[in-house]
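Novice: Provided herewith is a single structure, encoded as C-alpha cells, for subsequent inquiry.
Values in this text are rule-based calculations from the coordinates and carry no lab data. These numbers were taken from a predicted model, which means no experiment stands behind them. Using ideal geometry, Cβ is built from the backbone for each residue, glycine included, and neighbour counts are taken over all protein chains shown.
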Amino acid sequence: MACTNCSTGTKDGTPRGCKNNGTCGTDSCNKLTVFDWLGNMNLPTGEAPFDCVEIRFKNGRKEFYRNTEKLTLSIGDVVATEASPGHDVGIVTLTGELVRIQMKKKGVSLTSPDILKIYRKASQKDIDIWKDARDKEEPMKVKAREIAIALKLQMKISDIEFQGDGSKAIFYYTAEDRVDFRQLIKEFAQVFKARIEMKQVGFRQEAARLGGIGSCGRELCCSTWLTDFRSVNTSAARYQQLSLNPQKLAGQCGKLKCCLNYELDTYLDALKDFPDFETKLHTEKGDAICQKQDIFKGLMWFAYTDNFANWHVLKIEQIKEIMAQNKEKKRVSSLEDFAIEILVEQEANFNNAMGQESLTRFDQPKKSKNKNKNRNKNKITAPNALQGQNQNKNQNQGNPNPNQNQPNRRPIIIKKNEDKK
C-alpha cells in the first residue's frame, strides 16, 4: 500500500517524494486510510456497484456521499460534493462494497435522505479555488485567536477549515465551559468576509486533527488509525501497576493515554488467579500483608506487620495453601517455611578490551607551566657548557678512575643474590 510516487527512482537511491502532503493519487499517505481489500473482486453478473462513496476532507474528516450521477470513481479522485451553501471539494478514499461495511460500522443508514450527493469530478477551476482557500487558513487562525483574546473568551481556536468554494469557514475550538461567541461571529464575518460556522470539539478530537508525536516516538494513534475514543480510567494504570503520575500518563490532549487500554485485558486475565492485594496471612510468628506482586511470574511479596523491612517471596499456590489453613482457623509456623529464593542475574559489565572508553584519548596532554619555569632556570649557555666538557676530558685523561675526582658522586653498589638456605 506504499505510495508509488514516493519510491526511490533516482540513481543515488534518494526518494523522489510525491510532495502532495496527503493528496497523492494512491491515497497511501492519508490519515485513517482504509485498505480496500475488496477492490480486485468482480461483482456477480447483474449486480450494480454500491452507489455510496467515502470522501475525505481536511485532516481526518470523512463523510459518505451518494453517487447519483453514476460517475466512474476511483480512489484518489478529486470530486465536488453537495454542501450548504455552495459545494465542497474532497478526495475519494473508498469505493465499492467496503463502503457499505464502513457505513454499517459507523451507524449510518443506507437509505437515509440526509446523505448528500456528488455533483461532478472537480475541474481545474474548482481545484484552484480550493487551493487558494486552503492557503488562507493559517493567517486566518492567527488573526482569529487575537480577536478571541481581545474579547476575553475562555476558548481556544485549534483549526480552521474552508469549504471547497471558499464561501464558508468552519472554526474548530475547545473550551472547558459554555462560551457566548455571538459577538465573536460578528467580528469574524466582518473581518474575513465569509460565512462563519463554529464547531466545538473535545480535547481528544483536537489532538486527532492536529496530530503529533507521542512519548513512544511514533505518530499519535488517534490521528493515524484510531477511530473510536473509549473512556480511560485511572484503574487501568492501577491494574498494570503503573505510577499514578499525571505527567507520564497524560497524552497530547491532556487526558489519559488511549494506549493504557491496549494491554488491560491481558492484565485482567492474569489477575484472575491472584488473591486480593489486601489479603492477610496469619502465622504463629505474626500477621503478614502483601507489599508487591509480579503478575506474569505469579509471585507476591509479604512482610510481617512488625517488620516491614524483610520481604518474603511466595508463589500463588503457596499463598492459597496458607489461606486455606487460615480459613480452618489454623496458623502456619512462619512465612520462611514457604518462601522461595530468587536468583539475581549478574549484570553484564562493559569490558574495555581495546581501551577506547576515553573520548579524549587523541587529545594532546596539556603542559604544565611550572615545568617550563624549572627548565629555564637549569639552562646553561653554550660557551659555559663547552668549557665544562673540556675540563672533564683533561681530568679524565690522567686518572684511570674518574670517580675519584668526583667526591659528590655516589658509587653504584651491585648486590649479588645469595642462595637461600
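Novice: Need one number: the % of Cα-Cα pairs in segment 278-319 sitting beyond the 16 Å mark.
Specialist: Beyond 16 Å sits 28 percent of the P(r) for segment 278-319.
Novice: Filter the trypsin sites (Lys or Arg not before Pro) in segment 155-246 to those in DSSP coil with at most 15 other Cβ atoms within 10 Å of their Cβ, and list the result.
Specialist: In loop regions of segment 155-246 (DSSP not H, G, I, E or B), the sparsely surrounded trypsin sites (Lys or Arg not before Pro) are Arg178, Lys193, Arg218, Arg230.
Novice: Could you check what % of the DSSP bridge pairs in segment 110-222 are antiparallel, to the nearest 5?
Specialist: 55
Novice: Using 0.36 nm per residue of separation minus the Cα-Cα distance, give me the extension gain between Asp128 and Asn326 in nm, one decimal.
Specialist: The Asp128-Asn326 span can extend by a further 63.2 nm.
Novice: R0 = 35 Å: FRET efficiency of Asp180 with Glu82, Cβ-based, nearest 0.05?
Specialist: 0.65
Novice: What's the percent breakdown of Cα-Cα distances in segment 66-119 across 5 Å bins, shortest bin first?
Specialist: Taking every Cα pair in segment 66-119, the percentages come to 4, 16, 26, 28, 22, 3, 0.
Novice: Also, quick follow-up: In whole angstrom, and with the biggest value first, how far do the Cα coordinates of segment 156-263 range along each principal axis?
Specialist: 55, 28, 20
Novice: Quick one: grab Rg to one decimal and Dmax as a whole number for segment 83-242, Cα atoms only, in Å.
Specialist: So, for segment 83-242, Rg and Dmax equal 19.1, 58 Å respectively.
Novice: Oh, and also: Would you kindly calculate the mean projected area, averaged across all directions, of the convex hull enclosing the Cα atoms of segment 294-346, in square nanometres?
Specialist: Projected area, direction-averaged: 4.6 nm².
Novice: Taking a 25 Å limit on the Cα-Cα distance, which of the listed pairs Lys297/Lys320; Lys58/Lys117; Lys193/Lys255 fall beyond it?
Specialist: Distance filter (> 25 Å) returns Lys193/Lys255.
Novice: Taking 7 Å along the Cα-to-C-beta vector as the label spot, tell me the Lys152-Lys285 distance in nanometres, rounded to one decimal.
Specialist: 6.8
Novice: Still on this structure: Divide, for segment 30-140, the radius of gyration over alpha carbons by 2.2 N^0.38 Å, where N is the residue count.
Specialist: Dividing the Cα Rg of segment 30-140 by 2.2 N^0.38 Å gives 1.12.
Novice: Let me ask something else about it. Kindly write out, for segment 283-293 in residue order, the coupling ³J(HN,Hα) from the Karplus curve 6.51 cos²θ - 1.76 cosθ + 1.60 (θ = phi - 60°), rounded to whole Hz, with x marking Gly and Pro.
Specialist: My calculation for segment 283-293 gives 10, 5, 7, x, 7, 10, 10, 7, 10, 7, 8 Hz in order.
Novice: Past 28 Å, Cα to Cα, is the threshold; run Lys125/Lys168; Lys62/Lys121; Lys125/Lys186 against it and keep the listed order.
Specialist: Lys125/Lys186
Novice: Principal axis lengths of segment 53-92 from Cα atoms, whole Å, largest first?
Specialist: Cα spread of segment 53-92 along its principal axes, largest to smallest: 24, 22, 14 Å.
Novice: So if R0 is 51 Å, what FRET efficiency would Thr111 and Arg218 give, r being the distance between their Cβ atoms, rounded to the nearest 0.05?
Specialist: After rounding, the FRET efficiency stands at 0.80.
Novice: Still on this structure: Rank-order 40-47, 130-137 by packing density, defined as the average count of other C-beta atoms within 10 Å over each peptide's residues, highest first.
Specialist: 130-137, 40-47
Novice: For a quick check of your reading of the filter: which GluC sites (Glu not before Pro) in segment 158-230 sit in a DSSP loop and have no more than 15 other Cβ atoms within 10 Å? Don't skip to the end; give the middle numbers.
Specialist: Values: sites: Glu161, Glu176, Glu187, Glu197, Glu206, Glu219; in loops: Glu176.
Listed in order of number, the matching sites are Glu176.
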